[in-house]
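Trainee: If you scroll down you'll find the structure; I have some questions about it.
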Amino acid sequence: MRRLFTGALIGLALAGPVRAAPQTHTVNIEGMAFRPAHLVVRAGDTIVWRNQDIVPHAVSAAGIASGEITSGKEWRYRAVKAGDFTYICPYHPTMKASFSVKPESAK
């Protein structure tokens, strides 16, 4: 039994680092603002924007466009490309926020 257990541990060590399961992060849209204003996620994670205002909003950045998110609705985006992204609500351009996507293997 001990030899089997030791072999399993060696097999795990040789397999490389264990990657964390993808996570879901929430940005609340309320009071004409994105909260939090900055978010750090890993590649593979999902970001959910939830509109808690009474007016429609949207998320717009280079290569990212949610379309209209009406009151009480949400929009999901799976982060795949590492980098820093600044976004706005095109209906209310003073609403700005950002998120950073770290590579899947980053700590």
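Read-outs: derived from the displayed coordinates by stated rules, not from any lab. Everything quoted here is computed from the prediction, not taken from an experiment. Every residue, glycine as well, gets a Cβ built from its backbone with ideal geometry; the counts of neighbours run over all protein chains shown.
Trainee: What residues of segment 65-107 lie in the reach of a label at residue 46, counting those whose backbone N is under 15 Å from a point 7 Å from the Cα along Cα→Cβ?
Mentor: Inside the label zone: 74-80.
Trainee: Please compute the net charge surrounding residue 68, taking Lys and Arg as +1 and Asp and Glu as -1 over other residues with Cβ under 13 Å from its Cβ.
Mentor: -1
Trainee: Can you tell me what percent of all Cα-Cα pairs in segment 21-102 are more than 17 Å apart?
Mentor: 38
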